[in-house]
Amino acid sequence: MRLKVRPLKYTLLAGVVVFTFSGINGYAQSSDDLFSDLLEETVSDDIVIDDTVSTSGASLQAFSGYAELSPRIFLNDRNGYHNDEQVLLTTEFEFDVSLGQNTTGYIRPRLFLDLIDSDLQRLELFEGYITYQQTHWDLRVGQFVENWGIADTFNPIDVLNRRDLSTQLLDTTRLGEVGVRARWLLDGNGMIGEPTLAFYVLPWFQRTRFALGRQRLGLGSETITFKEKQGFEPDGDEAYLYALRYQSTLNTSLFNADIQLVASRGTDRNPLIRPFNADIADTLAPVYFGNRILGAGIRAVSNIEKLAAFTFKLEIAQNNPYEFEQSPVAVMDDYLAYVAGFDWDTYNLLNNQDQLTFTLEYAGESGVSQAQSEAFPRPFSDDLITRLFWQSGDFARSSVELRGVYDQENDEHIIEATFGRSLIQWHQDLKLALSVLYIASSSEPTATFSQLPDNTSLAMTLRFDF
């Protein structure tokens, strides 16, 4: 099924929304069949989607979801690219299912498409797993998403899930991984609280998502073609990823903290982008490699009164990359990646209910030579990250967020401003967000956005939760 919509050029965002809703009506009938097929595959005949219990003991415990429409206009056309405007539609459903004693299921189908670009259409089972739980342990099998990060924008210890790099520059979406998680709930004490140990086995390689062909965030150009599916990928045992994660709280007289320790071995989620076929010099493709990672993270609040408004954060990961068998390229040397910073909260700034959070973080690397940095450029190797988030505390839950990322090495920076509020005059579950993303990219080849110029944009998002 292909959706054909005439592109819009430099229209007002409000006009885009009116046009988009008319396009949704034409698409909805076809998408109903797609949703029916997906649900038939993911929900067995034994599961009854109502408040009763079927003969197999299965029942729906909770249902939720949302629909989100987000028109975006890029202020500068990128020559040769066919989506200088986007109208992104996202719909997700969440089903929590009881499958009998000690066994639960979770299903999360997702529809994501660009109503203008017919090449960007996805209907997928974002998450779907079964969990068997006992008092001190549980076992999960299926496709799942977990957030291991502590810092705001960059998370060197968040190594389990891939990210979708095709539609967002800053807030990339975690993608589901297929595997098994065995988790043990250990006994704590007055100092160590809620200790948990989890072991993961992910036996199925899945590609990191990149923008296709000539899409706006594509890595190709007028003279270079990017091929996501024609790169070098692991095979056999090399495709496995193993991870171990420890979590607990730490309570002392000086501070209270959440801590975690992680160790993993397997395919790195950020492949190298290289000319893969020597005979085709104008073609780029991802080249995957392995990585052994040891990391730690801590989020701490001081018990000292003068420091009580601060939340201190640290993520640190030692990376030991290695080549897969028959890999066509070399990989980088060992290096240490880290993020350190804090959140500072203050209240009653403009009224008696508001809250302002200021975030300051630094993301850096250690053990990387100049030659290695130029040969293997990576984002967040020398970056200052700031964020201001103001919540009014009013009935409409109004908020203003300002974010900034400054690459000190390449003199490149990003600024994003977002205003959000609930449209309670129409419905209590309807939300509006207006955002401006400004990107001043560098011409340096090691800069993050040097290959993605002119991505300054305006966007509006309407979201309805149900």
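The values are calculated or read from the model by the stated rules, or taken from the named source; none is laboratory data. Not measured: the values here are computed from a predicted model. All Cβ positions, glycine included, derive from the backbone under ideal geometry; neighbour counts span all protein chains shown. SASA here: full protein model, heavy atoms, side chains in, ligands and nucleic acids out. Shrake-Rupley method; radii C 1.70, N 1.55, O 1.52, S 1.80 Å.
Extension gain for residue 235 to residue 352 (0.36 nm times residue separation, less C-alpha to C-alpha distance): 36.2 nm.
With the simple spin-label model, which puts each label point 7 Å out from Cα in the Cβ direction, the residue 76 to residue 465 separation comes to 3.8 nm. The helix-based estimate of mean residue ellipticity at 222 nm for the chain, built from -39,500 (n - 2.57) per DSSP H run of four or more residues and divided by its residue count, is -2500 deg cm²/dmol to the nearest 500. If the chain linking residue 172 and residue 137 were pulled fully straight, counting 0.36 nm for each residue of separation and taking away their Cα-Cα distance, it would gain 9.5 nm.
Globularity index of the chain is 1.03 (Cα radius of gyration / 2.2 N^0.38 Å, N = number of residues). Oblate is the label for the range 134-193. Its Cα gyration tensor axes, ordered a ≥ b ≥ c, give a/c of at least 1.5 and b/c at or above a/b.
To check you understand DSSP bridge types, tell me what percent of the beta bridges within the chain (both residues inside) are antiparallel, rounded to 5.
Once the DSSP bridges in the chain are tallied, antiparallel ones form about 100 percent.
Max-minus-min Cα coordinates of the range 229-289 on each principal axis give 64, 25, 13 Å, with the largest extent listed first.
Computed from the alpha carbon positions, the gyration tensor of the range 342-438 leads to an equivalent ellipsoid with semi-axes of 36, 16, 9 Å, biggest first.
Our estimate of slack between residue 434 and residue 375, defined as 0.36 nm per intervening residue step minus the Cα-Cα distance, is 17.4 nm.
Using a cut-off of 10 Å between beta-carbons, work out the net charge of the residues near residue 87 (Lys and Arg +1, Asp and Glu -1, residue 87 not included). Surrounding charge for residue 87 is -2. All other residues whose Cβ lies under 14 angstrom from that of residue 259 are scored, Lys and Arg at +1 and Asp and Glu at -1, for a net of 0.
Accessible surface for the range 223-338, divided over its residues, is 52 Å² per residue with a 1.4 Å probe.
Across all Cα atoms of the range 111-230, the radius of gyration (one decimal) and Dmax (whole number) stand at 18.5, 63 Å.
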